[in-house]
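Peer 1: Submitted below is the structure of interest, expressed as structure tokens.
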Amino acid sequence: MTHLTRTTARTLALVTLSALLGAHAQKATDLSVALYAANPEAPAPTAGWDTGEVIRARTGVNLKFTMLPTGADGDNKLGSLAAANDLPDLFEIRNRNLFYQLIRQGQVAPVSSLLPQMPQRTKARYGNAMRNGLVNENGQMYGLQEPATLSRQYGIMVRQDWLEKLNLKTPTTLDEFLNVARAFTERDPDGNGRKDTFGYCGVIDFDTAGILPGLGLGNHFQWVYGAYGVPGTWNYRAGAAFAANVRNPNYRKATEYVRKLVDARVMDPDWATMKRSDLRNRWQQGKCGLFFESVGGLIAGFKNFEANNPKGDLRFVPVPKGPSGSRSMGTFANAGTLLVVSKKAMDAGKGPAIAKFLEWAHSGEGYFQLAFGKKGTDYTLVGGVPTVTTTNVNGRLTNTQLRFLALNGQAAELKGRYGTLKFSDGRSVNVYNLLMDTRRNNNWIDRSGDLVVPAAPNQADIDRYVSESLVQFVLGQRPLNDGNWKSFTDGLNGLNFAGYEKNAYAALKAGGFVK
Amino acid sequence: MTRVRRQNDRAFDRTVNAFLIAVLLATLIPLVYVVSVSLTPLGQTTSLLPRAVSFNAYEELLRQPALIRALGNSVFLTLSGVLISMILTVCTAYPLSRPDLPGRKFLTGVILFTFLFSAGLIPLYLVIRDLNLLNTYWALLLHGAVSVYNLLVMKNFFQNLPESLEEAAKIDGASDLQVLWHIVLPLSKPILLTIGLFYAVTQWNSFFEPVLYLSDARMMPLPVVLRDILTGLNSAEYVESAATTTAPRTP
């Protein structure tokens, strides 16, 4: 080959390569995606982010990922972006009032046209008419409502070693629960010679991840209201006599039971002001005989718990029954991440790229990459179960920042996420089994319809009024008698609570959640 | 009579001092408690003073790469923010403090107007976006770089400096800039330090602006990252993040 031929060949090769690269660059679509990060404390993705590179190579999407802050800050950010017509192409919304507001403002696009473009994802996730009803407005589907992959992971845990030490049985009724809590408080179950343990640890907590709180004292006391048949905010089974549970006489009885727990001094005196992280400190320190916790919280606190309580043994107790036999740990919504596409993105023709990206994230390589990280580095498959192997925790967490786009809640996935905890003395706890137990055994009530109930204009006032009044009742700051209870329920009229109920009924009826 | 009054005075002083010391101690309790909690070994019961001291919490925190980066971001934003704010504030306050500035009252009025009536979040966002400052540190440094309150405090301070010093400098041939640099600023150290501190605290605590204007999480300052860590601690999905760093790895 002559010099000239070699030069020509090289030039041709370069031209061809450039043309290919150019074609590839032309096909790549810039996509801005804003999500609540799966691992908020993990470092942000860097320029050479593994997952970003894989997404670009497989789907032709140049992903620009923004982590949304939780709570009001995230809502304010999205609200500001919407007002400036600057919403991300694909984003997550947790505040449904904001979601409906954006629909009315014409800021978000109907997504029905995307469904045929991602057949596997649609079949697995968006086929439930009731769930899709949560995102329908005027007959159009405005959001991709993912099913909940991890709801009902909460339960009441008990120190089994304390039960055995004090020769007590697992409580099954409210009365037995109080007796056991009292014994855990008064009979020095940790044997340190001090009365420094609490029978029941719970806090006022309204986090809605996988579990729906009702008006009042929050998730950690829903099981008490469940024992009286009034968990959650609404009574779905009352038909035309639909009303809020707070109007039911049993609601007062449940409140009286919480008051009993407080009066018996079986709870941490700071419970009304403590946060969930404080509660976690308490049980990890070995201060709680019974406590409300998620399976995830158990895994996270296990190491500290074992260090402080080498002989400690934790189990879930079945949710206690009330006087009439009712029992429920609380209410949940079968609705997870809500994804929304901005109208701007759809108008710009980014729909197919969004569909392609989401379909890739649903199964196969995309699913594993987003949910578990880089194969061989971050995880391996052991008998079909993804098993974390990495020592570079932060690297893995960065790779899985988008995992809520991928997670599906199937058995193999949950087994991978919830493995076995091992005590140093050889005992072990299969956390996946615990998760299944708390799902099956606690009579959880699906109240997904709560999500379509429009917030009252004075929702914050209503929430505060009910919550503060109940705290006053259970702390004894306000005697719990007929007069005061009537005064409390009468006070709802001043907040136009009846109007709130009426709107709730109309929305639930329209959505097919009540008859 | 005099002696009696003095004894009463001393008693009064002692009472006041005792009261103020009590207030001081009460104010210190939460701060001491926070330090104590941070020094208590993980898992042990916390108390006002730690029974044993451990720096594990600090080690754990400093091991977080996101935190170190955020700390660096905050330091950078605070230092550069204070510098920019001080330059702009001094350069605005000094001319406004000179009685011979044409339209001085009008200019002061216009500035004061912005103090009383804010444009609101969305117009501000639009301005930042249209200036192409989104996702740049300039959005945080220039937005609110001059605080009207600080500006007016500084202007009043400059106004109260003796005019004769400026006149003397001008007779010696100093320009306006030289008067500012060699006469006014050296005499204004107290106000410069005070206003500088105000700016530093504001910039250090800045939380919502970074959340609003920045989309690259690597650029976030410390308050945002600390909030994220706290969010993780109180999250129901706790296991997804912290479990892998604090609990034994699952097989």
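Peer 1: Residues that are more than 7 Å from chain A (Cβ to nearest Cβ) and at pLDDT 75 or above: which helices (runs of 4 or more DSSP H) entirely in the range B:190-251 hold 3 or more of them? Walk me through it before giving the result.
Peer 2: On the way: elements: B:208-213, B:222-233, B:238-246.
Result: B:208-213, B:222-233.
Peer 1: Moving on. I'd like the full set of residues that are over 17 Å from A:Asn443 (Cα atoms), touching a strand residue (DSSP E or B) at 6+ places or on another chain (Cβ under 8 Å) and away from every other protein chain (no Cβ under 14 Å), limited to the range A:202-233. Write out each step before concluding.
Peer 2: Here is the first cut: in the range A:202-233, the ones over 17 Å from A:Asn443 (Cα atoms) are A:202-209, A:215-218.
Those left that are additionally touching a strand residue (DSSP E or B) at 6+ places or on another chain (Cβ under 8 Å): A:202-206, A:215, A:218.
Within the range A:202-233, A:Gly202, A:Leu215 qualify.
Peer 1: Please work out which residue is nearest to A:Pro45 (Cα to Cα), limiting yourself to the range A:367-414 and to residues that are away from every other protein chain (no Cβ under 13 Å) and crowded, with 23+ Cβ neighbours inside 10 Å. Break it down into steps so the answer makes sense when it comes.
Peer 2: First, pick out the residues of the range A:367-414 that are away from every other protein chain (no Cβ under 13 Å): A:367-369, A:374-377, A:381, A:384, A:405, A:408, A:410-412.
Next cut, crowded, with 23+ Cβ neighbours inside 10 Å only: A:369, A:405.
Working: A:Gln369: 14, A:Leu405: 16 Å.
Among residues in the range A:367-414 that are away from every other protein chain (no Cβ under 13 Å) and crowded, with 23+ Cβ neighbours inside 10 Å, the one nearest to A:Pro45 (Cα to Cα) is A:Gln369.
Peer 1: Tell me which helices (runs of 4 or more DSSP H) are completely within the range A:194-312 and hold 3 or more residues being farther than 25 Å from A:Gln472 by Cβ and hydrophobic (A, V, I, L, M, F, W, C), or say none if there are none.
Peer 2: A:295-308
Peer 1: Taking the criterion of being under 25 Å from B:Ala200 (Cα atoms), part of a helix (DSSP H, G or I) and either in contact with a Pro (Cβ under 6 Å, 6 or more places away or on another chain) or not charged (D, E, K, R) (or both), would at least one residue in the range B:164-171 satisfy it? Break it down into steps so the answer makes sense when it comes.
Peer 2: Within the range B:164-171, the subset under 25 Å from B:Ala200 (Cα atoms) is none.
No, the range B:164-171 has no match at all.
Peer 1: Then there is this: Please determine, by comparing only the residues of the range A:324-366 that are of a type in the set (Gly, Ala, Ser) and within 30 Å of A:His220 (Cα to Cα), which one is surrounded by the fewest Cβ atoms within 10 Å (Cβ to Cβ). First the steps, then the outcome.
Peer 2: So in the range A:324-366, the residues of a type in the set (Gly, Ala, Ser) come out as A:324-326, A:328, A:330, A:333, A:335-336, A:342, A:345, A:348-349, A:351, A:353, A:355, A:361, A:363-364, A:366.
Pick out the ones that are also within 30 Å of A:His220 (Cα to Cα) and you get A:324-326, A:328, A:330, A:333, A:335-336.
Numbers: A:Ser324: 11, A:Gly325: 9, A:Ser326: 17, A:Ser328: 22, A:Gly330: 29, A:Ala333: 19, A:Ala335: 23, A:Gly336: 21.
Among those that are of a type in the set (Gly, Ala, Ser) and within 30 Å of A:His220 (Cα to Cα), it is A:Gly325.
Peer 1: May I pose another question? Given the criteria part of a helix (DSSP H, G or I) and either out of contact with any His (no Cβ under 9 Å at 6 or more places or on another chain) or at pLDDT below 90 (or both), does A:Ala42 qualify?
Peer 2: Working: part of a helix (DSSP H, G or I): no; either out of contact with any His (no Cβ under 9 Å at 6 or more places or on another chain) or at pLDDT below 90 (or both): yes.
It is false that A:Ala42 is part of a helix (DSSP H, G or I) and either out of contact with any His (no Cβ under 9 Å at 6 or more places or on another chain) or at pLDDT below 90 (or both).
Peer 1: Go through the range A:399-430 and count every residue that is of a type in the set (S, T, N, Q) and under 18 Å from A:Glu365 (Cβ atoms).
Peer 2: Our first condition is that a residue be of a type in the set (S, T, N, Q); within the range A:399-430, this holds for A:399-401, A:408, A:410, A:420, A:424, A:428, A:430.
Narrowing the set further to residues that are under 18 Å from A:Glu365 (Cβ atoms) leaves A:399-401, A:408, A:410.
So the answer is 5.
Peer 1: Can you run down the residue pairs with Cβ atoms below 7 Å, 6 or more apart or on separate chains, where the first is in the range A:167-188 and under 18 Å from A:Ala254 (Cα atoms) and the partner is modelled with pLDDT of 95 or more and in a helix (DSSP H, G or I)?
Peer 2: So the pair list comes out as A:Pro171/A:Phe177; A:Pro171/A:Val180; A:Leu174/A:Ala227; A:Leu174/A:Tyr257; A:Leu178/A:Lys260; A:Leu178/A:Leu261; A:Ala181/A:Leu261.
Peer 1: While we're on this one: Looking at A:Ser328, A:Ser294, which is the one that is at pLDDT below 90 and among the hydroxyl-bearing types (Ser, Thr, Tyr)?
Peer 2: Details: A:Ser328 fails: at pLDDT below 90.
Among A:Ser328, A:Ser294, only A:Ser294 is at pLDDT below 90 and among the hydroxyl-bearing types (Ser, Thr, Tyr).
Peer 1: Within the range A:414-450, restricting attention to residues that are of a type in the set (Asp, Glu) and over 30 Å from A:Ala243 (Cα atoms), which residue is nearest to the chain's Cα centre (by Cα)? Break it down stepwise before answering.
Peer 2: Start the filter on the range A:414-450 by keeping residues that are of a type in the set (Asp, Glu), which leaves A:425, A:437, A:446, A:450.
Within this subset, residues satisfying the condition of being over 30 Å from A:Ala243 (Cα atoms) are A:425, A:437.
Details: A:Asp425: 33, A:Asp437: 18 Å.
The qualifying residue nearest to the chain's Cα centre (by Cα) is A:Asp437.
Peer 1: I would also like to ask the following. Where the second residue is of a type in the set (Asp, Glu) and the first is away from every other protein chain (no Cβ under 12 Å) and lies in the range A:82-101, which pairs have Cβ atoms under 9 Å and are six or more apart or on separate chains?
Peer 2: A:Asp89/A:Asp30; A:Ile93/A:Asp75; A:Arg94/A:Asp75; A:Asn95/A:Asp75; A:Asn97/A:Asp75; A:Leu98/A:Asp75; A:Tyr100/A:Glu137
Peer 1: Now a separate question. Of (1) under 30 Å from A:Leu81 (Cβ atoms); (2) loosely packed, with under 12 Cβ neighbours inside 10 Å; (3) at pLDDT below 90; (4) not aromatic (Phe, Trp, Tyr), B:Asn132 satisfies all except one. Which?
Peer 2: Answer for B:Asn132: the failing condition is (3).
Peer 1: To continue, here is another question. Scanning the range A:479-499 for residues that are free of Cβ contacts under 8 Å to residues at least 60 places away in the same chain and buried (at least 17 other Cβ atoms within 10 Å of the Cβ), which turns out farthest from the chain's Cα centre (by Cα)? Steps first, please.
Peer 2: At the first step, the residues of the range A:479-499 found to be free of Cβ contacts under 8 Å to residues at least 60 places away in the same chain are A:479, A:481-484, A:486-488, A:490-491, A:493-496, A:498-499.
Then drop every residue that is not buried (at least 17 other Cβ atoms within 10 Å of the Cβ), which leaves A:488, A:495.
Values: A:Phe488: 31, A:Leu495: 29 Å.
That would be A:Phe488.
Peer 1: Still on this structure, I have one more. Got a number for residues in the range B:91-135 being in a helix (DSSP H, G or I) and over 23 Å from the mean Cα position of the chain (by Cα)? Write out each step before concluding.
Peer 2: Taking the range B:91-135 and keeping what is in a helix (DSSP H, G or I), we get B:91-97, B:104-116, B:121-130.
From what is left, the residues that are over 23 Å from the mean Cα position of the chain (by Cα) are B:95-97, B:104-110, B:113, B:122-123, B:126-127, B:129-130.
Residues flagged as in a helix (DSSP H, G or I) and over 23 Å from the mean Cα position of the chain (by Cα) within the range B:91-135 amount to 17.
Peer 1: Another question, if that's okay. Residues to consider are B:Tyr125, B:Tyr149, B:Tyr137; find the one that is within 14 Å of chain A (Cβ to nearest Cβ) and either more than 13 Å from A:Asp86 (Cβ to Cβ) or of a type in the set (Phe, Trp, Tyr) (or both).
Peer 2: Working: B:Tyr149 fails: within 14 Å of chain A (Cβ to nearest Cβ); B:Tyr137 fails: within 14 Å of chain A (Cβ to nearest Cβ).
Just a single option satisfies the conditions, and that option is B:Tyr125.
Peer 1: Looking at A:Arg447, A:Arg464 in this structure, which one is in contact with a Phe, Trp or Tyr (Cβ under 8 Å, 6 or more places away or on another chain), modelled with pLDDT under 95 and of a type in the set (Lys, Arg)? Let's see the steps before the verdict.
Peer 2: Working: A:Arg464 fails: in contact with a Phe, Trp or Tyr (Cβ under 8 Å, 6 or more places away or on another chain).
Residue meeting the stated conditions: A:Arg447.
Peer 1: Further question: Among the residues of the range A:485-515, which ones are part of a helix (DSSP H, G or I), under 20 Å from A:Ala460 (Cβ atoms) and not small (Gly, Ala, Ser)?
Peer 2: Going through the range A:485-515, the residues part of a helix (DSSP H, G or I) turn out to be A:485-493, A:497-510.
Those still in the list that are under 20 Å from A:Ala460 (Cβ atoms) too: A:488-489, A:491-493, A:497-504, A:507.
Of everything in the range A:485-515, those that are part of a helix (DSSP H, G or I), under 20 Å from A:Ala460 (Cβ atoms) and not small (Gly, Ala, Ser) turn out to be A:Phe488, A:Thr489, A:Leu492, A:Asn493, A:Phe497, A:Tyr500, A:Glu501, A:Lys502, A:Asn503.
Peer 1: Further, regarding this structure: Within the range A:365-374, can one find any residue that is of a type in the set (Lys, Arg), assigned to a helix (DSSP H, G or I) and on the phi < 0 side of the Ramachandran plot?
Peer 2: Quick first cut of the range A:365-374, residues of a type in the set (Lys, Arg) only: A:374.
Those left that are additionally assigned to a helix (DSSP H, G or I): none.
Scanning the range A:365-374 turns up no residue that is of a type in the set (Lys, Arg), assigned to a helix (DSSP H, G or I) and on the phi < 0 side of the Ramachandran plot.
Peer 1: Does any residue of the range B:97-108 turn out to be within 30 Å of B:Tyr213 (Cα to Cα) and either surrounded by 14 or more Cβ atoms within 10 Å (Cβ to Cβ) or away from chain A (no Cβ under 13 Å) (or both)? Don't jump to the end; show me each part of the working.
Peer 2: Residues of the range B:97-108 that are within 30 Å of B:Tyr213 (Cα to Cα), as a first pass: B:107-108.
So of that shortlist, the ones also either surrounded by 14 or more Cβ atoms within 10 Å (Cβ to Cβ) or away from chain A (no Cβ under 13 Å) (or both) come out as B:107-108.
Within the range B:97-108, one or more residues are within 30 Å of B:Tyr213 (Cα to Cα) and either surrounded by 14 or more Cβ atoms within 10 Å (Cβ to Cβ) or away from chain A (no Cβ under 13 Å) (or both).
Peer 1: Which residues, taken from the range A:273-308, are over 22 Å from the mean Cα position of the chain (by Cα), aliphatic (A, V, I, L, M) and more than 7 Å from chain B (Cβ to nearest Cβ)?
Peer 2: Of everything in the range A:273-308, just one residue is over 22 Å from the mean Cα position of the chain (by Cα), aliphatic (A, V, I, L, M) and more than 7 Å from chain B (Cβ to nearest Cβ), namely A:Leu290.
Peer 1: Looking at the range B:60-85, which of its residues are more than 14 Å from chain A (Cβ to nearest Cβ), aliphatic (A, V, I, L, M), in contact (Cβ under 8 Å) with a residue 40 or more places away in the chain and under 19 Å from B:Ala217 (Cβ atoms)? Steps first, please.
Peer 2: Initial filter on the range B:60-85 (more than 14 Å from chain A (Cβ to nearest Cβ)): B:74-85.
The next check asks that each one be aliphatic (A, V, I, L, M); those that pass are B:75, B:77, B:79, B:82-84.
Add one more test, that the residue is in contact (Cβ under 8 Å) with a residue 40 or more places away in the chain, and what stays is B:77, B:82, B:84.
B:Leu77 - this is the single residue of the range B:60-85 that is more than 14 Å from chain A (Cβ to nearest Cβ), aliphatic (A, V, I, L, M), in contact (Cβ under 8 Å) with a residue 40 or more places away in the chain and under 19 Å from B:Ala217 (Cβ atoms).
The values are calculated or read from the model by the stated rules, or taken from the named source; none is laboratory data. This structure is a prediction, so every number in the text was calculated from the model and none was measured. Note that each Cβ is placed from the backbone with ideal geometry, even for glycine, and that neighbours are counted across all protein chains shown.
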